[in-house]
Every structure is written in structure tokens, then in C-alpha cells.
Amino acid sequence: MEVKEALLKRRSVRKFTEEPVTEEQINELIHAAMSGPIACNKRPWEFYVVTNPEMLKAFQSASRFTKISAPLAIVVCGNLKRALPLNMADFWIQDCSAATENILLRATDLGLGAVWCGMYPQRKPEKRVRELLGIDDKRIALNIIYIGHPAQEPEPKDWYEEACVYRVK
Ligand SMILES: Cc1cc2nc3c(=O)[nH]c(=O)nc-3n(C[C@H](O)[C@H](O)[C@H](O)COP(=O)(O)O)c2cc1C
């Protein structure tokens, strides 16, 4: 699939069939995640690949926007132990966001559906997800990406808005 086609075709999918995502597809998604740009090559990220049905069910109550049933979730976390020092530390958010978008685009490319559910900076949902995963506070759960075979097909879209573009010549 051409990049432009994937960009336009990618929409948030929140309904999935029960068909599992294969290990091969999961590997493709994680490879895509780690192919993104990274500030100073720190790679301050961790990816928790969740297929455990009880854990997936528990994620649904993490926030009121995560009540989604999917065969797979990838939780993208920032690892503060690998972050840049001092006032550059927050670059982990941009690194992990680029990785997240890569997962969404590769999922589209593989014929899968996905939705990015933001956790950080919502304090309680973020903590809840970490508790469920059993990870310490040196990690921060940026989001849960639900992934699966789509049971809905949102229309491709082009939300171009000229008013948001300033041409500085
Ligand atoms: C930072 C961020 C947080 C989001 N959080 C949620 C969420 O908690 N639940 C959800 O269903 N969608 C969530 N979304 C998906 C947006 O609702 C969706 O991308 C937006 O409505 C545009 O629609 P589209 O993805 O189909 O183009 C989030 C997207 C981003 C970038």
C-alpha cells in the first residue's frame, strides 16, 4: 500500500471480530513502531503486547474511553530510565507518539484496524494500566492501542484545513 493511501485509509476502528492477530503480524507492528524517528537515538520506549483475555477485559475499565473489546492491545510506554536528561526528558512523548502512529499505519497496511487510546497525562487511567501490567513508576503508559480485524469500516477521510496552515516565505 502506498503511504498516501494508508494515511487516508487509516481511521480509528473500535469494533473488531474475534479473529486473533497472528504472531507474524504482531512482529510487523512492533518493527514498524521501532522504525520511527527518535530524539538522540535514546529509544526510551517499551511495548507491552497483550493478548490475555482477562487483562484485555480489565483495560476496558481503565478509562471511560477504553471500553473496547479487541483480541490485541499494545501498550506503548515511555521508559524514563532511558530518557534524555533534565529538561529534554519529555522528548520520550514524541518518540513514543511517532512509534504509535507507525503502528497505526502498519496495521492499516496489513488490513487490520486499530485505535489509539491515550492514557498519559490522565493520572488515574495511566496508573491503573501500569498496575494491571505490574510495572513501576519509572515507566509511563502513554496509550493503549487496540488492534484486530475490523468489524466496521470508517470511510477514508481527508480533513485538510487551509486555515491551520501559515505559509512563511
Ligand atoms: C492522543 C490521542 C488520544 C486518543 N484517545 C482515545 C480514546 O481514549 N478512546 C478512543 O476511542 N479514541 C481515542 N483517540 C482516537 C481519536 O478519537 C481519533 O483519532 C479522532 O477522533 C480522529 O478520528 P480518526 O482516527 O478516525 O481519524 C485518541 C487519539 C489520540 C491522538
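With respect to LEU86, is the statement that it is surrounded by fewer than 14 Cβ atoms within 10 Å (Cβ to Cβ), over 12 Å from the mean Cα position of the chain (by Cα) and over 22 Å from GLU153 (Cβ atoms) true?
So LEU86 fits the description; yes.
Tell me the residue from LYS9, LYS81, LYS42 that is surrounded by fewer than 16 Cβ atoms within 10 Å (Cβ to Cβ) and among the basic types (Lys, Arg), please.
LYS81
Can you tell me which residues in the stretch 51-67 are under 18 Å from GLU23 (Cα atoms) and either touching a Lys or Arg at 6+ places or on another chain (Cβ under 8 Å) or within 16 Å of the ligand (Cβ to nearest atom) (or both)?
LEU56
Can you name the residue in the stretch 150-169 that is of a type in the set (Asp, Glu) and in a loop (DSSP other than H, G, I, E, B) and is also surrounded by the most Cβ atoms within 10 Å (Cβ to Cβ) among such residues?
GLU153
Before we move on, is ALA70 of a type in the set (Gly, Ala, Ser), in contact with an Asp or Glu (Cβ under 7 Å, 6 or more places away or on another chain), closer than 18 Å to ILE147 by Cβ and within 16 Å of the ligand (Cβ to nearest atom)?
Here the answer is no, as ALA70 does not meet what is asked.
Contact list please: Cβ distance under 8 Å, first residue in the stretch 115-136 and closer than 15 Å to TRP92 by Cβ, second residue modelled with pLDDT of 95 or more and part of a helix (DSSP H, G or I), pairs at least six apart or on different chains.
MET119/PRO125; MET119/GLU126; MET119/VAL129; TYR120/ILE93; TYR120/GLU126
Note down all Cβ pairs under 7 Å where the first residue falls in the stretch 51-66 and is within 14 Å of GLU126 (Cβ to Cβ), the second is more than 9 Å from the ligand (Cβ to nearest atom) and in a helix (DSSP H, G or I), and they're at least six residues apart or on different chains.
Matching pairs, first to second residue: PHE59/VAL129; PHE59/LEU132; ALA62/ARG128; ALA62/VAL129; THR66/PHE59; THR66/GLN60.
Residues of the stretch 45-78 being of a type in the set (S, T, N, Q) and surrounded by fewer than 14 Cβ atoms within 10 Å (Cβ to Cβ), which ones?
Matches in the stretch 45-78: ASN52, SER61.
The values are calculated or read from the model by the stated rules, or taken from the named source; none is laboratory data. None of the values given here were measured: they were computed from a predicted structure. Backbone-built Cβ (ideal geometry, glycine too); neighbour counts: all protein chains shown.
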